[in-house]
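Readers should treat all values here as calculations from the given coordinates under stated rules, not as data from a laboratory. Keep in mind it's a predicted model, so treat the numbers as computed, not measured. Neighbour counts are summed over all protein chains in view; Cβ atoms, including those assigned to glycine, are modelled from backbone coordinates with ideal geometry.
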Amino acid sequence: MLEAVADHGRDWVVIAAGSVFAVGVVLAGYRLGLAGLRRVLPADGAGRLFLDRSARALGAVAVLLALQLVAQGMPSDPAFVAVYKHGITLLLIVAITWAAVRCSAGVGDVIVKLNPPLAQAERTRQARKIETQTRFITRGLNILIVIVGFAAALMTFPPVQQLGTSLLASAGIGGIILGFAARPVLTNLLAGMQIALTQPFRIDDVLFVHGEWCWVEEVTSTYVVLRVWDLRRLVVPLQWFIENPFQNWTRHSTDLLGTVFLWVDYRMPVDALRTEFLRLLELAPEWDGATSTVQVTDSSSQALQVRFLMSASDSTRTWDLRCRIREGLVAYVQREHPDYLPRIRAELESPETPGDVSSELAWEQPHPR
């Protein structure tokens, strides 16, 4: 009995010593190689970015590979050695899955870094398009990697393999049940792939969704985070964008037209309004100089509706320009033409005899009780 215990103790010592030696050698070599690469690669380059994203996960894979090689050279007679080998294999699968996820994320960050938004509007739209597609594809790929890694880890357990063989006949029913259970998740994943390919919107696009004016702030594999103009966040599932119409104000260009409507009296000279409107536009820093139109678009029995059409380079500037022009026009009418504001007209006719007035007034007064 004592000899068996002593043998097991020696085996553990050999395993521990071999494992520590292998880990030490691999870590020393990996750190030296990593330091050399960081010296060669520029600090703000794409290669350095990928290395920073995946270095820790790749180091874990290297260490576990060394332990796996040590375990392969051990005899499999003692039971604890088999358990040790199985544990190393399981950890290696987890580390490889982690490294694959980090590498895919690193590749996505490198692609986004290599396509930065520039001052030119066309390059900016191209960069946003590439970033949106990259984020969608990276997240979908990460989900697929995790699923494959989880399945590979489960397959290392013999009972699970036997269970999978015995349940092969009922796989169709199980697949139908799982399909119904995971329908919302799968629907959003498929919607995400469709959005990534068709590009109905991109990162930083201006959308009008659920009556809210907002920007696309974040795109995940199942939902989109929209930043509302008052800094609220609107979270919308991806499937909603496939099934419902929405407005994209920056689909092809960020340029937008803005309108201001003003109701004035019929006697108001429209040419004076047009001159003041052009003067205000020349003073406005938000105006891009492309569009400036004044038109009488409607009339009622009491007033005229005048539309002032202007343009700006993006939605934020358009909103600020509209507010600036509206305030300036209202101040101009109040200052220069206060009598031409909308008013209600009524005509009073004098009665034929004073008696009629008194009788009329007497009839309108309430009778005392």
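The table below lists the values:
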quantity: Amide H contacts of Val296 (H built 1.01 Å from N, under 5 Å, at least 5 apart or other chain); calculated: Arg307
quantity: Modelled FRET efficiency - R0 35 Å, Arg48 with Arg251, Cβ distances, 0.05 increments; calculated: 0.50
quantity: Where Rh is the Kirkwood radius over Cα pairs, Rg/Rh for the stretch 256-337; calculated: 0.97
quantity: Simple label model, 7 Å out from Cα along Cβ direction - Leu190 to Arg227, nm; calculated: 3.3 nm
quantity: Inter-label distance for Val23 and Leu154, nm, one decimal - labels placed 7 Å from Cα along Cα-to-Cβ; calculated: 3.0 nm
quantity: Summed residue charge, Cβ within 11 Å of Gly108's Cβ, Lys/Arg positive, Asp/Glu negative; calculated: +3
quantity: Label-point separation in nm, Ser301 to Arg335, each point 7 Å along Cα→Cβ; calculated: 3.6 nm
